[in-house]
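Q: Quick one: this structure, given as structure tokens, is what I'll be asking you about.
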């Protein structure tokens, strides 16, 4: 699944897993701010969710025990009336404890409500968990991550009884 066209217009891994009734996709965050944590999976402009304004804030997406992703791109959507994320790092993990840095970003979104897609380059490895870790202040000079959407692209593997196979949804795009 590779992005094409406008951000969030092409179906990615999160979109595919949301359509799969057996998938157990979960979004969590370091602290409860506005909205529900699951709202970040909806990609709706009118649904902003965030963390409290605390240093070291993060968002995590768990693809579920049956899926691993070789990630190639990450898309984020900032809420319309919220502080803009500036400095962050995308991380991946197989166990939810040990994290591998996949991309570090030091530029902010252009304006509230902005969406962008970043490529993920470097070490090729499949992960179950993905984390967006805030590494600096947002556009309000505070901490806290406010998003209205997250999407991932790449090759999705379905893991069953110790075996990995390409998921059908990764072959459809």
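Q: Ranked highest first by the average count of other Cβ atoms within 10 Å around their residues, in what order do 133-139, 146-152 fall?
A: Answer by packing, highest mean first, reads 146-152, 133-139.
Q: Another question about this same structure. Would you kindly state how much longer the chain becomes between residue 54 and residue 72 on full extension, computed as 0.36 nm times their sequence separation minus their alpha carbon distance, in nm to one decimal?
A: 3.6 nm
Q: In what sequence, highest mean first, do 38-44, 22-28 appear when ranked by Cβ atoms within 10 angstrom?
A: By packing density, highest mean first, the sequence is 38-44, 22-28.
Q: Then there's this: Output the peptides 84-97, 116-129, 63-76 sorted from most to least packed, where packing is the average of other Cβ atoms within 10 Å over each peptide's residues.
A: Top of the packing list down: 63-76, 84-97, 116-129.
Q: Measuring from centroid to centroid over Cα atoms, what is the spacing of segment 117-139 and segment 67-88 in Å?
A: Distance between centres, Cα-based: 8 Å.
Q: Continuing with the same structure: So if each residue of separation counts as 0.36 nm, and I subtract the Cα-Cα distance between residue 87 and residue 135, what length gain in nm does that give?
A: 16.8 nm
All of the numbers you see were taken from the coordinates with simple rules; none came from a lab. Everything numeric here is computed off the predicted structure, so don't read it as measured data. A quick note on method: Cβ atoms are made from the backbone with ideal geometry, for glycine too, and the neighbour counts reach across all protein chains shown.
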